[in-house]
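Notes follow the structure.
The values are calculated or read from the model by the stated rules, or taken from the named source; none is laboratory data. All of these numbers come straight from a predicted model, not from anything done at the bench. For neighbour counting, all protein chains shown are included, and Cβ atoms are generated from backbone atoms with ideal geometry for every residue, glycine included. Ligands, DNA and RNA are stripped out before the accessible areas are found, and what is left, the full protein with its side chains, is counted by its heavy atoms. Shrake-Rupley method; radii C 1.70, N 1.55, O 1.52, S 1.80 Å.
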Amino acid sequence: DRMVLCRASLALVLLCAGSITAAARERMTQVVAPNFPIVYVVYGPGGVPLARAVVARGEPCPTLAPQGDISALLLSNVSVELRAEGTDVLPFAFPVRVCEAQLPRELPENSATFGGRPLPAITRNPSKYVLLGDTGLRVKPRNLGTCARFAQEKLYGIKQCAEIVPFSPDLVKGSYQATVQWPLESITDRAAEERPDVVVHVGDYLYRQGPCAQGEGCEDINNAVDVSMPGQWGDNWNGWFADFFEPSAALLQAAPWIVLRGNHETCARGGHGFFMFLDPRPLPEDWTADYCAERTDMYQVPFENEQFLIVDDSWVKDADVDSNDYLQCPEPNGQVQGNAPAVGAPMQEDVEYFSAQFHALEAASQSHVTNVYLGHHPLLAIVCYKGHYIPVSQTMQQALAANPTMLDRISATFTGHVHFFQGLVFEDHSLPASLVVGNGGTKLLDLEIENHAVFDGALGFGADLFGYSTMRRSALSGSYFDINSFHVGGRGAGVSSMWAASVPAVRSVRHRGIAGRTVWPWLQRFVPATMPVLVAVALLCIMTVIRAAMLTGGIDSAVQAVASLGSTRGGRTPLLCRHSKSYEMKASCSDFGDQVRHAATTQY
């Protein structure tokens with residue numbers, strides 16, 4: 001027994017011994033066995049298709065070979081270039097080369113191979129899209145059960161142990177997903193059978209931030225030779241291949257991808273691999289594997305009939321959605337007690353940054369009548385936070401309030417980040433349809449299946465079920481999109497339909513928001529004739545507010561109340577709050593402006 005205990009203790013000591021300092025001196029042992037080349041296509045800014053091939057370090061870039069006279073003509077001016085070549089030095093060890101070729105915007109199926117692998121068909125006019133996100137195996141260790149004290153240094157965003165003690169299950173902390181409960185390969189295989197024209201991934205590919213604790217069901221990702229070094233985890237080739245490339249192989253071969261960056265691809269987590277393999281923009285000439293940009297500007301991927309507008313919101317920090325308790329929110333006809341809690345009011349500089357991004361997005365939307373917004377953090381989703389329904393990102397809501405017409409030409413928003421599925425279609429399509437596809441494989445949040453009847457301004461559905469979604473032009477009318485969401489694996493066998501909706505390809509914008517206020521077009525035509533009545537009503541409202549405030553809080557409160565009517569600095573009402581008609585949502589939004597104004601005076 002003592003010998004067994006000693007061996008177990010030694011293994012656990014080794015498991016916790018790794019640190020950034022040690023890792024930086026080591027060379028990575030490759031514990032995965034890729035079948036090179038790995039070939040895929042991503043869309044770059046302006047809708048440029050980029051074929052990429054990952055090969056072993058030292059191997060030449062593969063050949064792009066047309067299959068037939070037509071494809072030979074299409075590819076006659078296409079050349080293959082080296083995008084990046086990494087090393088095996090940790091922590092950002094990528095002992096592979098990435099080669100790239102810019103393809104034409106039309107390429108028939110089976111018309112070319114890249115390194116012997118068939119390229120997917122490319123079309124200017126896609127008819128079917130697959131949508132998914134948040135796909136990686138969730139392994140976020142906070143304590144492997146062997147650490148009494150942590151150092152400040154981190155490896156892949158995880159603090160390293162400074163004082164090791166014998167293993168105790170009571171010390172184990174973190175979020176772990178058993179590998180047998182990770183259905184990504186089943187999801188991507190089934191999605192590939194849809195034969196999509198384009199795949200949209202809304203971010204969060206790499207979730208394996210560290211080793212797996214004993215007894216959590218994911219120990220097979222650990223390095224069996226030297227458990228102190230990265231195994232099939234981390235921002236390195238082992239981690240990226242195991243968490244994304246290998247299980248996504250069928251879907252990577254099926255269609256070109258639009259790839260977004262999630263918060264798991266920030267520089268502290270998985271950003272280095274993201275820029276090497278997936279980001280569609282050119283790398284700097286002096287690129288090394290240490291390269292990672294904190295943020296990138298929005299861009300668009302246009303097709304003939306619709307256009308996708310992509311925003312990098314990977315670095316936004318708002319409410320900690322990992323701690324949300326979705327089972328404690330009010331029932332559809334229940335009452336909310338008290339005000340919504342403060343959940344991290346947005347920093348003004350972040351709001352201003354996204355306001356500028358949204359301004360550029362609105363300008364880009366003018367080229368198409370049908371536009372789809374793509375981001376990682378939900379733009380229009382509703383979640384439960386400490387017993388209250390709230391919009392997910394206050395930063396993005398404030399930026400929207402500063403750009404009230406930004407959504408006028410947007411038909412739908414597709415996002416992720418929250419680990420569940422949610423679909424919302426707003427009454428009269430007053431806002432774009434909202435789809436949260438954070439159910440692509442990573443560990444799901446607990447959520448009872450619910451119909452959002454509580455929000456009587458929207459029809460929707462939410463569930464903690466694994467799967468993917470599709471969008472295609474309606475067969476009956478090209479003026480509508482049919483959105484279908486499917487459950488794969490998890491709680492049931494096979495594939496089943498989960499939710500379906502139709503949304504207009506072009507929304508009829510019935511109002512224009514101006515700094516949080518609504519001006520109806522039909523009213524504008526009658527302003528000259530009704531101006532005296534409108535002025536009288538406005539004066540009556542202001543006098544009523546002043547009188548009420550004087551009776552309850554004195555003249556200072558009255559002045560403050562009047563000032564708040566026109567206040568726009570930092571305290572704009574969130575867009576979802578303005579469009580919700582339910583008591584529950586209004587109660588949650590009631591003190592939002594106060595939170596932001598308080599933060600504006602104390603933090604900025």
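Placing unit charges on each Cβ (+1 for Lys and Arg, -1 for Asp and Glu) gives the stretch 256-321 a dipole about its Cα centre, and among Thr266, Thr296, Leu309 the Cα reaching farthest toward its positive end belongs to Thr266. Computed over the Cα atoms of the stretch 345-425, pair by distinct pair, the Kirkwood hydrodynamic radius stands at 13.5 angstrom. Filter the cross-link list Lys128/Lys159; Lys128/Lys173; Lys173/Lys317 down to pairs whose alpha-carbon distance in this structure exceeds 31 Å. With Cα atoms farther than 31 Å apart: Lys128/Lys159; Lys128/Lys173.
Rounded to the nearest Hz, the phi-derived 3J(HN,Hα) couplings of the stretch 408-416 under the Karplus curve 6.51 cos²θ - 1.76 cosθ + 1.60 (θ = phi - 60°) are 4, 9, 9, 8, 7, 10, 10, 9, x, where x marks glycine and proline. Solvent exposure of Asp220, expressed as accessible area, is near 90 Å², computed with a probe of 1.4 Å over the protein chains only. Derived scalar couplings between HN and Hα for the stretch 69-83 equal 5, 5, 5, 4, 5, 5, 9, 4, 9, 8, 10, 9, 10, 7, 8 Hz in order, rounded to whole Hz, by the Karplus curve 6.51 cos²θ - 1.76 cosθ + 1.60 (θ = phi - 60°), x for Gly and Pro.
The magnitude of the dipole of the stretch 150-191, with charges of +1 and -1 set on the Cβ of Lys/Arg and Asp/Glu and taken from the Cα centre, is near 100 debye.
Give the ranking of Ile258, Ile70 by solvent-accessible surface, highest area first, calculated with a 1.4 Å probe.
My answer, sorted largest first, is Ile70, Ile258.
Within the assembled protein chains, the solvent-accessible surface assigned to Arg149 is about 120 Å², based on a 1.4 Å probe. Working note: Cα atoms of the stretch 143-275, range along each principal axis, descending, whole Å: 53, 29, 25.
Largest to smallest in accessible area, the residues Glu349, Glu85 fall in the order Glu349, Glu85 (1.4 Å probe, all protein chains included).
For Ala458, the amide hydrogen comes within under 5 Å of the amide hydrogens of Glu427, counting only partners 5 or more places away or on other chains and with H modelled in the peptide plane. The 3J(HN,Hα) values that the Karplus relation (6.51, -1.76, 1.60; θ = phi - 60°) gives for the stretch 27-36 are, in residue order, 9, 6, 8, 6, 10, 10, 10, x, 9, 6 Hz. Gly and Pro appear as x.
In a fully extended conformation the segment linking Asn484 and Leu73 would gain 144.2 nm over its present Cα-Cα distance, using 0.36 nm per residue. Close amide H contacts of Phe481 (hydrogens built in the peptide plane, cut-off under 5 Å, sequence separation of 5 or more or a different chain): Ser474, Val503, Ala505. Placing a label point 7 Å from the Cα of Thr296 along the Cα-to-Cβ direction, the residues of the stretch 249-268 with a backbone N closer than 19 Å are 252, 256-268.
Between Ala500 and Val165, the modelled labels are 5.7 nm apart [label points 7 Å from Cα along Cα→Cβ]. For the set Leu283, Leu459, the ranking by accessible area, highest first and with no ligand, DNA or RNA atoms included, is Leu459, Leu283 under a 1.4 Å probe. If I take all pairs of Cα atoms in the stretch 174-242, what percentage of them are more than 20 Å from each other? Of all Cα-Cα distances in the stretch 174-242, 38 percent exceed 20 Å.
Using heavy atoms of the protein chains and a probe of 1.4 Å, the accessible area assigned to Glu100 is about 40 Å².
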